[in-house]
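Novice: Below you will find the structure I want to go over with you.
The values are calculated or read from the model by the stated rules, or taken from the named source; none is laboratory data. Bear in mind that the values here come from a model prediction, so they are computed numbers and not experimental data. Here the Cβ is made from the backbone with ideal geometry for all residues, glycine too, and neighbour counts use every protein chain on show. Only protein heavy atoms, including side chains, enter the accessible area calculation; ligands, DNA and RNA are left aside. Shrake-Rupley method; radii C 1.70, N 1.55, O 1.52, S 1.80 Å.
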Amino acid sequence: MKLLWLQAAGCGGCTQSLLGAEARSGVLAQLAAGGIEFVTHPGLSEASGNETIELLQAAADARLPIDLLCVEGALLRGPNGSGRFQVLAGRPLIDWVAQLAGHARHVLAIGTCSAYGGIVSGGDNVGEACGLQFDGDQEGGLLGADFRARSGLPVINVAGCPTHPGWIVDTLLLLAADALHAGDLDAWQRPRFYTEQLVHHGCPRNEFYEFKASAQKLSDLGCLMENMGCKGTQANADCNVRLWHGVGSCLRGGFACISCTEPSFEEPGHPFMETPKIAGIPTGLPVDMPKAWFVALAALSKSATPTRVRENSRSDHPLIAPGMRKNGKK
């Protein structure tokens with residue numbers, strides 16, 4: 001399968017993430033082994049300059065079949081819908097994308113910017129940035145809500161900021177094996193294999209969460225949900241089950257989950273590292289949990305918090321070690 005990758009308005013972080021994929025032989029060799037050939041990529045392919053433009057034109061004219069069109073970064077429609085804020089070879093990038101998408105077998109939005117607009121669309125959005133098939137949480141985007149690639153699938157949103165390298169690789173390999181279908185996408189058109197889990201699953205701070213032993217500042221070991229803005233109990237992703245580059249995640253690095261796989265995460269309506277509350281109760285509760293249940297569970301949990309958990313939650317290193325049994329009986 002021939003893959004064509006374009007970078008629109010963004011930081012290039014999804015490409016940087018992709019390069020950290022865990023394949024021993026390197027991600028390009030892993031994709032090649034799956035039958036995927038990079039036709040062009042701004043930073044990874046050998047073609048450059050006029051050769052790249054010729055490849056793009058051939059694909060846009062349908063003279064070069066493209067199986068996988070990957071777009072990284074938000075699509076800039078400004079100023080005034082002209083797309084002239086981002087130009088490639090004298091032509092607005094959004095025009096290239098729209099024409100190429102019309103011929104591609106599959107179209108993938110790589111990262112939240114390309115999926116929904118992301119960070120680039122935040123604030124006043126003077127660049128008129130949007131995603132390929134969503135504008136924030138509204139269907140439409142650059143290609144329109146009714147767009148379907150030649151495969152019959154809508155845009156596949158491999159969302160994340162940046163997106164996990166494993167999510168990109170697995171999505172591409174599934175498509176190469178003809179094993180990703182419409183039913184495998186969720187309501188935001190993300191592959192279900194990573195969004196049917198929560199960031200909360202596998203979180204190293206789960207013991208603190210269970211006892212509602214909360215961090216008071218960023219360096220504390222405790223749960224970050226109550227005070228520090230963590231949305232791990234609401235965010236759809238497997239970040240703490242499938243670790244980044246095999247070793248880390250935001251929470252393992254001491255940072256709250258900001259739900260970067262979701263549309264409009266860039267403007268939560270409050271500071272990222274603060275938890276909005278009403279009458280002392282967080283407004284963003286765990287998914288599927290009624291408010292009354294959460295309040296009751298929190299009260300019970302806090303009353304049963306072991307001293308070790310409570311003291312350690314407010315420190316940047318463990319102060320009290322877990323106890324040990326003095327005999328071998330279970």
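Novice: Within segment 1-37, list the residues whose amide N lies under 20 Å from a label point set 7 Å along Cα→Cβ of GLN57.
Specialist: 4-7
Novice: Can you work out the Karplus-derived ³J(HN,Hα) for every residue in segment 231-240? Use 6.51 cos²θ - 1.76 cosθ + 1.60 with θ = phi - 60°, whole Hz, and x for glycine or proline.
Specialist: Whole-Hz 3J(HN,Hα) from phi for segment 231-240: 10, x, 7, 10, 8, 8, 4, 9, 4, 9.
Novice: How big is the convex hull of the Cα atoms of the chain, per residue, in Å³?
Specialist: Convex hull volume per residue, Cα atoms: 167 Å³.
Novice: Extension gain LYS326-PHE272, at 0.36 nm per residue separation less the Cα-Cα distance, in nm? Walk me through the intermediate numbers first.
Specialist: On the way: separation 54, 0.36 × 54 = 19.44 nm, distance 4.49 nm.
Here the answer is 15.0 nm.
Novice: With charges set only on the Cβ (+1 for Lys and Arg, -1 for Asp and Glu), what does the dipole of the chain come to about its Cα centre, in debye to the nearest 20? Don't skip to the answer; put the middle values down first.
Specialist: Numbers: 27 positive and 32 negative charges, 321 e Å.
Dipole of the chain, to the nearest 20 debye: 1540 debye.
Novice: To continue, here is another question. Please list, by residue number, everything in segment 31-59 whose backbone N is under 17 Å from a paramagnetic label point 7 Å out along Cα→Cβ of ALA23.
Specialist: Within reach of a label on ALA23, which here means backbone N under 17 Å from a point 7 Å along Cα→Cβ, segment 31-59 contributes 31-46.
Novice: Quick one: which residues, 5 or more positions from LEU198 or on another chain, have an amide H under 5 Å from its amide H? H modelled 1.01 Å from N in the peptide plane, none for Pro or chain starts.
Specialist: ALA237
Novice: Placing unit charges on C-beta atoms (Lys and Arg positive, Asp and Glu negative, everything else neutral), compute the dipole magnitude of segment 136-282 about its Cα centre in debye, rounded to 20.
Specialist: 260
Novice: Follow-up. Please report the carbon-and-sulfur percent of the accessible area for the chain; probe 1.4 Å, protein heavy atoms only, DNA, RNA and ligands left out.
Specialist: Reported share for carbon and sulfur atoms: 54 percent.
Novice: For segment 1-140, give me the percentage of DSSP beta bridges that are antiparallel, rounded to the nearest 5 percent.
Specialist: Rounded to the nearest five, the antiparallel share is 35 percent.
Novice: With a probe of 1.4 Å, find how much accessible area the chain has per residue, and write the answer as a whole number in Å².
Specialist: 47
Novice: Given the options GLN133, GLN197, GLN30, which has the most mean-square fluctuation in a GNM of the chain, springs set between C-alpha atoms less than 10 angstrom apart?
Specialist: Highest fluctuation among the options: GLN30.
Novice: Calculate, for LEU297 and GLN216, the FRET efficiency according to 1/(1 + (r/R0)^6) with r their C-beta to C-beta distance and R0 25 Å; round to the nearest 0.05. List each step's numbers first, then the result.
Specialist: Working: r = 21 Å, r/R0 = 0.83.
Rounded to the nearest 0.05, the efficiency is 0.75.
Novice: Also, I was wondering about something else. Could you tell me how far the Cα centroid of segment 290-326 sits from the Cα centroid of segment 161-210, in Å?
Specialist: 30
Novice: To continue, here is another question. Pairs on different chains or at least eight residues apart, Cα atoms closer than 27 Å: how many lysine pairs in the chain fit?
Specialist: Number of lysine pairs found: 15.
Novice: Report, in deg cm²/dmol and to the nearest 500, the calculated mean residue ellipticity at 222 nm for the chain, where each DSSP H run with n ≥ 4 adds -39500 (n - 2.57) and the sum is divided by the residue count.
Specialist: -6500 deg cm²/dmol
Novice: P(r) for segment 47-149, please, calculated from all Cα pair distances in 10 Å bins and given in %.
Specialist: 17, 47, 31, 5, 0
Novice: Can I ask one more? What are the extents of the Cα atoms of segment 108-247 along their three principal axes, listed from largest to smallest and rounded to whole Å?
Specialist: 51, 40, 23
Novice: With a 1.4 Å probe and all protein chains kept in place, how much accessible area does ARG148 have, in Å² rounded to the nearest 10?
Specialist: Near enough 120 Å² of accessible area.
Novice: Given a 10 angstrom Cα cut-off, can you work out which residue in SER121, SER259, SER315 is the most mobile in a GNM of the chain?
Specialist: SER315
Novice: Also, quick follow-up: Sort by residue number and report every cysteine in the chain with no other cysteine beta carbon within a distance under 4.7 Å.
Specialist: Here CYS11, CYS14, CYS70, CYS113, CYS130, CYS203, CYS223, CYS230, CYS239, CYS250, CYS257 come out as lacking a disulfide-compatible partner, given the Cβ-Cβ threshold of under 4.7 Å.
Novice: For the chain, set up a GNM with springs between Cα atoms under 10 Å and report which of ALA298, ALA187, ALA98 has the largest fluctuation.
Specialist: Result: ALA187 has the largest fluctuation of those listed.
Novice: Quick one: how many Å² of PHE38 are accessible to a 1.4 Å probe, rounded to 10?
Specialist: 40
Novice: State, to one decimal in nm, how far the label point of ALA304 lies from the label point of ALA33, with both points 7 Å from Cα in the Cβ direction.
Specialist: Result: 4.7 nm between the two label points.
Novice: Just going by the charge dipole of the chain, with Lys and Arg at +1 and Asp and Glu at -1 on Cβ, which of LEU19, ALA104, SER214 is farthest out on the positive end?
Specialist: SER214
Novice: With the crude spin-label approximation of a point 7 Å out along Cα→Cβ, what separation in nm comes out for ALA179 versus GLU196?
Specialist: Between ALA179 and GLU196, the simple spin-label model gives 1.4 nm.
Novice: Let me ask something additional. Residues with amide H under 5 Å of LEU88's amide H, sequence separation 5 or more or different chain, H placed in the peptide plane at 1.01 Å from N; which?
Specialist: LEU93
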